[in-house]
Amino acid sequence: MPRPPDLAKRRELLERIHDYVVRNGLSGLSLRPLAEELGTSDRMLLYYFGTKERLIAEVLAMDDRRPMPRVRDRLKTAGPPEDAAGMRRLMEEVWQLFTDPDLRASFPLHLEVMSDSLLHPERYGPVLQDIVAQWTDLLTTALLGAGVPEDRARSHATLLVGAIFGLLLPPLTNGRWDDATAAYHDLLDCLEPAWRATR
């Protein structure tokens, strides 16, 4: 029987691959130069991860600082917001997590994957679909907990997810994070009265 993969070694490789692709991007990424950089072989990378696409998907999912697990854990611990004010606080926390300076270095990689998935859906399409779907489902659940009707909860969750990802783009190019934050708060100002009206 083949020996099972060394999980500690696999995790170490994944962390080093994450650092490599954050520095170098995905454009032109091939396993052989990556393996040489890591002091291993392309066959060993395939042994641990199966395919390049699966490897990249795991790199995107590995960062423990990602907003998704932190928000999910918060909702699991504290439960969904009970009212519009609680929903507002949650969405402000989500924005703070997304704009954390420690996370910004990996944003270009995520955007590159998103762009590539639109041009070549067979590569990373499922990754992009999962990111959007998971965030939309999570925020829909939170809005339902705050008393927002189901159809409006889904619509507002879709709007918030689109706004968050869209508002991250300009400051990545011009550095004006305060402008993006102000625009995001303006959006919450528009949505919060509708959340209050559902109670």
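Of all residues in the stretch 95-114, at least one satisfies being over 21 Å from Arg23 (Cβ atoms), modelled with pLDDT of 80 or more and open to solvent by less than 10 Å² (accessible area, probe 1.4 Å).
Could you list, in sequence order, all residues of the stretch 115-141 that are β-branched (Val, Ile, Thr) and at pLDDT 75 or above? Hits for the stretch 115-141 are Ile131, Val132, Thr136, Thr140, Thr141. Taking the listed residues Asp186, Asp178, the one that is under 27 Å from Glu112 (Cα atoms), open to solvent by 60 Å² or more (accessible area, probe 1.4 Å) and modelled with pLDDT of 90 or more is Asp178, with no other qualifying. Hey, Thr158 hits all of (1) in a helix (DSSP H, G or I); (2) open to solvent by less than 50 Å² (accessible area, probe 1.4 Å); (3) not aromatic (Phe, Trp, Tyr) but one; which does it fall short on? Among (1) in a helix (DSSP H, G or I); (2) open to solvent by less than 50 Å² (accessible area, probe 1.4 Å); (3) not aromatic (Phe, Trp, Tyr), Thr158 violates only (2). The residue that is least open to solvent (accessible area, probe 1.4 Å), among those in the stretch 23-54 that are in contact (Cβ under 8 Å) with a residue 40 or more places away in the chain and part of a helix (DSSP H, G or I), is Tyr48. One residue stands out in the stretch 84-124 among those that are among the basic types (Lys, Arg) and in contact (Cβ under 8 Å) with a residue 60 or more places away in the chain: the one that is farthest from Asn174 (Cα to Cα), namely Arg123. Cβ separations smaller than 9 Å between residues 6+ apart or across chains give the following pairs from the stretch 125-144 residues that are free of Cβ contacts under 8 Å to residues at least 40 places away in the same chain and among the small types (Gly, Ala, Ser) to residues that are surrounded by fewer than 18 Cβ atoms within 10 Å (Cβ to Cβ) and in a helix (DSSP H, G or I): Gly125/Leu118. Residues of the stretch 60-81 that are at pLDDT 80 or above and open to solvent by less than 80 Å² (accessible area, probe 1.4 Å): Val71, Leu75, Gly79, Pro80, Pro81.
The values are calculated or read from the model by the stated rules, or taken from the named source; none is laboratory data. Quantities reported herein were computed from a predicted structural model and do not represent experimental measurements. Virtual Cβ from ideal backbone geometry, glycine too; neighbours counted across all protein chains shown. Surface areas here come from the heavy atoms of the whole protein model, side chains and all, with no ligands, DNA or RNA. Shrake-Rupley method; radii C 1.70, N 1.55, O 1.52, S 1.80 Å.
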